[in-house]
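Q: Below is one structure. I have some questions about it.
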Ligand code: F6P
């Protein structure tokens, strides 16, 4: 049995831990051979591959990023994409694919399996934690830790100058990073994409924090929108890859808060710092277990499935369960945090 491995979408701390676990167990226990495709689906389409064996995965467990490279290429929107995949899987004599990725990468794996009979097993990843079917994705815990540390640091400088500090964290469609880091870091306002915010209410919370003689910290997810969405949408840009960039909500908030309350405000955009560097112990643990169970799924011929965390168990679910709908923050969960606002 020869297994191809790829990492697609945005990189995420823990990807290397999955690759290592897949290769270690597959080689040691099942005698499989491995090949790594470079840069997600793009490398499969273009036939760019590297050998993967135990020496190749030695020492990569604590390393951030992915040794295989990543891209957001989708074979279904790339000319001759699926044909290229078929040809290269045949050329490299690959019997099964382990696709490690988020919604897009897993969606491709599900379609390749369902529509073209290509044997794929999925491993879910995203720092955003917005994939359905799994309690957590690896990368999320690391991102929350980085954002929390940043908030802790911002408290002391905010207090020293009695300024409003706005922290923009990642999360275009879901506010998991904002909610978890905001709670862990003791933020005074947390704004998430799932619920539009009222700028007057935000200013009232800011004012009440100052009245208590403390400086407010506002945590905002990059996809959060005010009730009057046009205020931010007019700042949206489309990059050369066609991705809509909504970044700007943090800057916009600082400007508005300052203009409306008369308090000085600054913005920190954490950006890709949240995705870089070594994974937390939890993410290494989860990614490693995902890898061990993914290669078992290959052995069992459980194609079209992906591994998922349920409680403390790793289970197999149809990939389509994860890609059908994003897992967003429940309003009741968000409401819990409200007691700390202001
Ligand atoms: O999905 C992961 C993520 O980091 C999001 O939180 C963020 O909006 C996006 O990727 C950024 O994408 P890129 O690295 O392509 O700018």
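Throughout, read-outs are computed from the coordinates displayed, never taken from laboratory work. Not measured: the values here are computed from a predicted model. FYI the Cβ positions are ideal-geometry reconstructions off the backbone, even for glycines, and counts take in every protein chain you see.
Q: Could you tell me which residue of the stretch 57-85 is farthest from the ligand (Cβ to nearest atom), considering only residues that are over 22 Å from residue 120 (Cβ atoms) and over 23 Å from the mean Cα position of the chain (by Cα)?
A: Out of the qualifying residues, it is 58.
Q: Starting from residues that are touching a residue at least 60 places away in the same chain (Cβ under 8 Å) and part of a helix (DSSP H, G or I), keep the ones in the stretch 262-280 and report whichever is surrounded by the most Cβ atoms within 10 Å (Cβ to Cβ).
A: Filtering the stretch 262-280 for residues that are touching a residue at least 60 places away in the same chain (Cβ under 8 Å) and part of a helix (DSSP H, G or I), the one surrounded by the most Cβ atoms within 10 Å (Cβ to Cβ) comes out as 274.
Here is a yes/no grid of residues against (1) surrounded by 20 or more Cβ atoms within 10 Å (Cβ to Cβ); (2) in contact (Cβ under 8 Å) with a residue 24 or more places away in the chain; (3) on the phi > 0 side of the Ramachandran plot:
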{"site": "3", "(1), (2), (3)": "yes, yes, no"}
{"site": "14", "(1), (2), (3)": "yes, yes, yes"}
{"site": "19", "(1), (2), (3)": "yes, yes, no"}
{"site": "33", "(1), (2), (3)": "no, yes, no"}
{"site": "43", "(1), (2), (3)": "yes, yes, no"}
{"site": "48", "(1), (2), (3)": "no, no, no"}
{"site": "52", "(1), (2), (3)": "yes, yes, no"}
{"site": "61", "(1), (2), (3)": "no, yes, no"}
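Q: Any residue at all in the stretch 194-215 that is under 22 Å from residue 331 (Cβ atoms), within 18 Å of the chain's Cα centre (by Cα) and outside any helix (DSSP H, G or I)?
A: Yes.
Q: Further question on the same structure: Scan the stretch 321-338 and tell me whether some residue there is assigned to a helix (DSSP H, G or I), farther than 30 Å from residue 212 by Cα and within 16 Å of the ligand (Cβ to nearest atom).
A: yes
Q: Let me ask something additional. Looking only at the stretch 250-292, count how many residues are more than 16 Å from the ligand (Cβ to nearest atom) and on the phi > 0 side of the Ramachandran plot.
A: 1
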